Amino acid sequence: MYTHEMTLRVRYGETDRMGFVYYGNYAEYFEVGRVEALRSLGFAYRALEDDGVLLPVHDMQIRYHQPARYDDLLTIRTMIVTLPSVRINFRYEVLSATGELLTEASTTLVFVDAATMRPRRAPDELVEAFAPYFR
């Protein structure tokens with residue numbers, strides 16, 4: 001399993017009238033987490049797209065345990081739990097500054113050939129970069 005962590009601070013505009021992070025903003029937090037997780041292994045989303053590989057989201061599951069609020073410092077923990085093939089599965093945990101689990105989620109993305117818009121296997125270089133974490 002590969003794990004990457006990053007922090008972000010909740011901005012005022014990301015909260016709702018109750019002062020909680022609006023539920024729809026978590027999808028953006030997860031996107032930032034997965035983009036940075038891939039970048040940490042040398043794979044920028046933009047470079048993948050420039051090479052003709054797209055990664056649309058196939059599905060997302062989310063469970064909210066506790067709300068995050070304006071100005072909270074959050075840790076976004078992104079985990080890749082299986083070696084990528086045609087799909088790549090991400091798990092996420094959103095933690096408070098004290099380490100309390102606030103939200104957990106998962107997404108599945110599909111590798112798609114930009115020219116044909118058909119599913120394809122993950123690039124060999126990406127699979128090779130992840131392989132040591134799954135031995």
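Details
- Other residues within the sphere of radius under 9 Å centred on the Cβ of VAL21, judged by their own Cβ, net out at -2 (K and R +1, D and E -1).
- Under 9 Å, Cβ to Cβ, from VAL94 - net charge with Lys/Arg +1 and Asp/Glu -1: -1
- Across the alpha-carbon atoms of the chain, the computed radius of gyration and Dmax are 15.7, 47 angstrom.
- Within-15-Å neighbourhood charge of ALA122 [Cβ basis; K, R +1; D, E -1]: -1
- At most 15 other Cβ within 10 Å, DSSP loop - GluC sites (Glu not before Pro), the range 46-112: GLU100
None of the figures in this text is laboratory data; all of them are computed from the coordinates on show. Since the model is a prediction, treat every value here as computed from it, not as a measurement. Heads up, the Cβs are rebuilt from the backbone with ideal geometry, glycines too, and the neighbour counts pull from every protein chain shown.
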